[in-house]
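Peer 1: Here it is, the structure, as structure tokens.
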Amino acid sequence: MRTSRLSFFFFYGILIILVNPTINAQRDPSVRHECSTTGNVTSNSTFRANLNTLISTLSSNTQIDYGFYNFTAGEGTNKVYATGLCRADLTPTDCRSCVNMSAHELLQLCPTQKEGVMWYMNCTARYSNNSIFGVMEIEPIRDLASGDVSNLTEFNAVLKPLFYDLRVRASAGGIFRKIAVGTAYYKSDNYTIYGLMQCSPDLSEIDCSNCLVSVQSYIQGCCTGNSGLRILAPSCNLRIETYQFYDSTLQPPPSLSPPPPSSLPPPPSKGKGSNLSKAIIAIVVVVFILVAIIIYICISLRVRKQRKKAKTVDEISSTESLHFDFPTIRVATDNFSDANKLGQGGFGVVYRGRLSNGQEIAVKRLSQGSGQGDLEFKNEILLVAKLQHRNLVKLRGFCLEGCERLLIYEFVSNGSLDQVIFDPTKRAYLDWQRRHKIIEGIARGLLYLHEDSRLRIIHRDLKTSNILLDDEMNPKIADFGMARLVILDQTNINTNRIVGTYGYMAPEYAYQGHFSVKSDVFSFGVLVLEMICGQKNGYFCNEENGEDLLTHAWTNWRNMTASNIIDPTLGVGSTTEIIRCIHIGLLCVQENAANRPTMASVVLMLDSNSITLSVPSRPAFFIHRNVEPDSQSDQSILLASINDASITALHPR
């Protein structure tokens with residue numbers, strides 16, 4: 001079926017080039033398009049050149065993940081924005097073919113317009129001279145309808161709960177997919193109605209719901225009484241049919257309406273009988289109902305569990321090249337032997353392994369009772385697989401088989417930064433030149449996450465134990481289980497689930513659940529001050545006045561006695577450069593997030609001594625916790641180390 005579908009797209013594309021596109025669109029009733037009536041351009045304009053370049057990259061692009069992509073090309077008034085959205089049951093190959101074909105046909109149909117949208121049967125392609133990313137648009141709207149129903153009142157009564165269920169589930173989808181399918185039984189004509197609702201996944205939950213409400217309302221003016229219909233808007237779409245038009249990989253929940261009467265047990269025949277007979281019949285009916293309810297609950301729980309597992313697998317299917325089978329990892333780690341064990345903590349165990357090609361790996365094996373669930377597991381795969389930077393740990397792959405959940409990383413030989421910088425003996429190896437190199441590397445890694453990658457990532461758990469050191473002591477940021485993907489223009493996000501580690505969390509995040517890129521800047525500032533003094537913020541306390549590390553550093557910097565906080569093992573070094581780094585660290589830990597610099601500014605400050613630094617105010621107040629430094633609850637994940645290691649237990653839960 002996949003092969004025939006691809007063949008169709010190929011020959012259809014040839015026809016688009018050879019035959020008048022308008023006539024071709026008329027021949028295929030499943031195709032709809034719309035060109036804007038305002039803002040025309042010439043065929044040789046810069047805008048058109050940018051659009052042609054953008055569309056031409058679709059066929060070679062292999063990163064259309066989760067059935068959705070967005071791209072831009074050009075600058076200023078000639079900048080082009082484009083998106084593509086596929087039905088979720090399409091394979092990445094089929095999705096690319098559909099989007100590529102519809103986009104090229106759209107260019108033929110809209111030769112001089114600055115905006116256009118093309119709806120194919122299984123995908124949608126759009127372009128515009130205005131930003132359309134995360135923007136809900138319901139105009140223009142088109143419909144396709146067929147078939148008639150015999151009982152309109154019953155038909156509408158059946159559709160109402162089906163549409164409500166689909167809208168709620170689709171709008172509640174994640175940042176990668178917003179789609180729902182389901183069924184309902186229509187008794188008058190004795191058939192099942194199959195329904196689908198889908199939104200562009202860059203919409204918010206509210207915008208998705210509002211868009212679906214609008215397309216549902218549109219039915220009243222166009223398609224009332226049709227048994228098959230499609231309502232097509234730029235940001236969302238709706239479809240119902242009398243047959244299953246989607247692949248079985250999109251499993252709907254149990255039917256919203258009761259099954260046909262023929263499948264129910266016949267009622268007991270009326271007639272004379274004793275009270276005993278009536279009582280027996282009543283008992284049998286009650287028992288039958290109870291058994292049916294129990295069976296239904298058991299099946300529902302099992303289906304829900306399988307659907308949740310299938311959803312996780314489906315959302316990471318685009319990273320199939322990173323998938324390892326479990327026997328391969330078992331052999332690489334010598335059946336997870338204790339000899340290869342690098343560490344253990346709250347989330348499971350980390351093992352050292354060697355693949356058949358000789359490549360060394362670190363395997364994070366999550367325990368079944370781990371606090372890191374499917375969300376964090378999926379999050380780390382989907383985010384880290386897309387990030388490529390010398391100062392970020394590389395994800396080699398993953399394994400999801402049965403109850404096993406494994407993350408496979410590059411092996412980093414020198415372990416985590418906290419094992420070196422807080423060790424009285426080992427930290428002497430880190431002279432100022434090495435420490436400054438590590439600080440710069442971490443800053444560049446954060447800058448990549450915040451601004452330079454095609455995704456904007458907030459790490460939310462930056463600390464010394466999540467910084468790994470390679471053979472040349474280059475830092476690599478690790479552990480993205482708690483990271484959050486945000487919209488590029490989004491500056492502040494709220495959450496009710498506070499995750500991270502006390503001592504590194506910004507005050508607005510710890511107290512109110514507000515986090516942004518400035519939250520990572522705060523954590524970076526704490527890390528810089530720890531690197532300079534060689535002591536951990538969470539366990540530092542000045543015996544004279546009970547100051548925490550941040551306040552102690554600020555007090556000494558203000559009193560021009562900054563040398564009091566410099567690690568004595570540094571010995572001879574660039575005192576001026578060290579004091580400047582203390583100054584930068586204090587700017588990063590300001591209580592008001594708006595007063596903290598961006599990571600782009602931090603990198604410039606570290607690279608150039610000619611940049612004048614502003615005067616920091618008193619840093620955020622730090623709450624001490626009554627825990628010991630060697631407590632298991634504060635141990636951190638070490639993705640790979642030749643020494644001991646452990647798994648992060650994040651605070652608070």
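Peer 1: Between Asp431 and Met121, what is the label-point separation in nm under the 7 Å Cα-to-beta-carbon projection?
Peer 2: 7.1
Peer 1: Under a 5 Å amide H to amide H cut-off, with H placed in plane at 1.01 Å, what residues pair with Gly343 once short-range neighbours are removed?
Peer 2: Placed amide hydrogens put Val350, Ala645 under 5 Å from Gly343.
Peer 1: Something else now. From the Cα gyration tensor of segment 93-164, with a ≥ b ≥ c the square roots of its eigenvalues, which class applies: rounded if a/c is under 1.5, or else prolate if a/b is larger than b/c, or else oblate?
Peer 2: Cα axes put segment 93-164 in the prolate bin.
Peer 1: Normalised by the residues of segment 135-258, what does the relative contact order come to in percent, with Cα pairs under 8 Å and at least six apart?
Peer 2: 35
Peer 1: By the scheme Lys and Arg +1, Asp and Glu -1, what is the net charge of all other residues having a beta-carbon under 15 Å from that of Arg330?
Peer 2: Working: positive: Lys341, Arg352, Arg354, Lys364, Arg365, Arg405; negative: Asp325, Asp334, Asp338, Glu401, Glu404.
Charge balance in the 15 Å sphere: +1.
Peer 1: Sorted from largest down, what three extents in whole angstroms do the Cα atoms of segment 135-258 have along their principal axes?
Peer 2: That gives 40, 30, 21 Å along the principal axes, largest extent first.
Peer 1: Now for a separate question. Within segment 124-141, find all residues whose amide N lies under 12 Å from a label point positioned 7 Å from the Cα of Cys222 along Cα-to-beta-carbon.
Peer 2: Once the point is set 7 Å along Cα→Cβ of Cys222, 138-141 turn out to lie under 12 Å by backbone N, inside segment 124-141.
Peer 1: Here's another thing I want to ask about it. With θ taken as phi - 60° and the coefficients 6.51, -1.76 and 1.60, list the Karplus ³J(HN,Hα) couplings across segment 129-142 in order, rounded to whole Hz; mark glycine and proline as x.
Peer 2: Here the 3J(HN,Hα) series is 8, 10, 5, 10, 7, x, 9, 7, 10, 10, 10, x, 10, 10 Hz.
Peer 1: So how much slack lies between Arg354 and Ala594, counting 0.36 nm per residue of separation and subtracting their Cα-Cα distance, in nm?
Peer 2: Working: separation 240, 0.36 × 240 = 86.40 nm, distance 4.66 nm.
Gain in length upon complete extension: 81.7 nm.
Peer 1: Further question on the same structure: Kindly state, to the nearest 0.05, the FRET efficiency for Glu154 paired with Leu322, given R0 = 45 Å and r defined as their beta-carbon distance.
Peer 2: Working: r = 50 Å, r/R0 = 1.10.
With a Förster radius of 45 Å, E is 0.35.
Peer 1: Next question, about the same structure. Can you give the Rg to Rh ratio for segment 404-485, taking only C-alpha atoms and Rh from Kirkwood?
Peer 2: On the way: Rg = 13.7 Å, Rh = 13.7 Å.
Value, to two decimals: 1.00.
Peer 1: Which order do Lys463, Lys378 fall in if you start with the one that has the fewest other Cβ atoms within 10 Å? Don't skip to the answer; put the middle values down first.
Peer 2: Working: Lys463 26, Lys378 21.
Ordered by Cβ neighbours within 10 Å, fewest first: Lys378, Lys463.
Peer 1: Fully extended, how many nm does the chain gain between Ser300 and Asp334 (0.36 nm per residue separation, minus their Cα-Cα distance)? Each step should come with its number before you reach the end.
Peer 2: Details: separation 34, 0.36 × 34 = 12.24 nm, distance 3.89 nm.
Net length gain for the segment: 8.4 nm.
Peer 1: By average Cβ neighbour count within 10 Å, what is the ranking of 49-56, 117-124, 611-618 from highest down?
Peer 2: On the way: 49-56: 18.0, 117-124: 23.6, 611-618: 12.2.
Packing order, densest peptide first, comes out as 117-124, 49-56, 611-618.
Peer 1: If you don't mind, another one. Near the amide H of Arg396, under 5 Å away, which other amide H atoms are found, from residues 5 or more places off or on another chain, if H is placed in the peptide plane?
Peer 2: Ile408, Tyr409, Glu410
Peer 1: Highest first, please rank the peptides 436-447, 515-526, 227-238, 157-168 by the mean number of other Cβ atoms sitting within 10 Å of their residues. Can you show the working numbers first?
Peer 2: Values: 436-447: 21.8, 515-526: 25.8, 227-238: 23.7, 157-168: 18.3.
Order by mean packing, descending: 515-526, 227-238, 436-447, 157-168.
Peer 1: Next question, about the same structure. Once you sort the root eigenvalues of the Cα gyration tensor of segment 414-455 as a ≥ b ≥ c, which label holds: rounded (a/c under 1.5), prolate (a/b larger than b/c) or oblate (the other case)? Show your work: numbers first, answer last.
Peer 2: Values: a/c = 4.58, a/b = 2.39, b/c = 1.92.
Because a/c hits 1.5 or more and a/b exceeds b/c, segment 414-455 counts as prolate.
Peer 1: Still on this structure: Could you work out how far apart the two model spin labels at Ser204 and Ser453 are, taking each label as a point 7 Å from the Cα in the direction of the beta carbon, and quote it in nm?
Peer 2: Going from the Ser204 label point to the Ser453 one covers 2.4 nm.
Peer 1: Per residue of segment 201-212, what does 6.51 cos²θ - 1.76 cosθ + 1.60 with θ = phi - 60° give for ³J(HN,Hα)? Whole Hz please, x for Gly and Pro, Karplus curve as stated.
Peer 2: For segment 201-212, the Karplus-derived couplings read x, 7, 7, 6, 4, 5, 5, 4, 4, 5, 5, 5 Hz, x marking Gly and Pro.
Peer 1: Test of understanding: ordering Asp189, Asp607, Asp479, Asp89 by Cβ neighbours within 10 Å, fewest first, what list do you get?
Peer 2: Values: Asp189 15, Asp607 12, Asp479 31, Asp89 19.
Fewest-to-most Cβ neighbours within 10 Å comes out as Asp607, Asp189, Asp89, Asp479.
Peer 1: Between Thr112 and Asn474, what FRET efficiency follows from the Cβ-Cβ distance if R0 is 41 Å, with the result rounded to 0.05?
Peer 2: 0.20
Peer 1: Okay, moving on. State the Cα centre-to-centre distance between segment 129-195 and segment 446-468 in whole Å.
Peer 2: Computed from Cα coordinates, the inter-centre distance equals 39 Å.
Peer 1: Tyr191 to Arg390: FRET efficiency via 1/(1 + (r/R0)^6), r the Cβ-Cβ distance, R0 56 Å, to the nearest 0.05? Before the final figure, lay out the partial values.
Peer 2: On the way: r = 59 Å, r/R0 = 1.05.
About 0.40, to the nearest 0.05.
Peer 1: Using a basic spin-label model with each label point 7 Å from the Cα along Cα→Cβ, how many nm lie between Thr57 and Gln512?
Peer 2: Between Thr57 and Gln512, the label points sit 3.8 nm apart.
Peer 1: Counting Lys +1, Arg +1, Asp -1, Glu -1, what net charge surrounds Asp470 among other residues with beta carbon under 13 Å of its beta carbon? Please list the in-between numbers first.
Peer 2: Working: positive: Arg390, Lys394, Arg434, Lys437, Lys476; negative: Glu360, Glu410, Asp471, Glu472.
Combined, the nearby Lys, Arg, Asp and Glu give +1.
Read-outs: derived from the displayed coordinates by stated rules, not from any lab. Small disclaimer: the values here were computed from a predicted structure and weren't measured. Here Cβ is always computed from backbone atoms with ideal geometry, including for glycine, and neighbour counts include all displayed protein chains.
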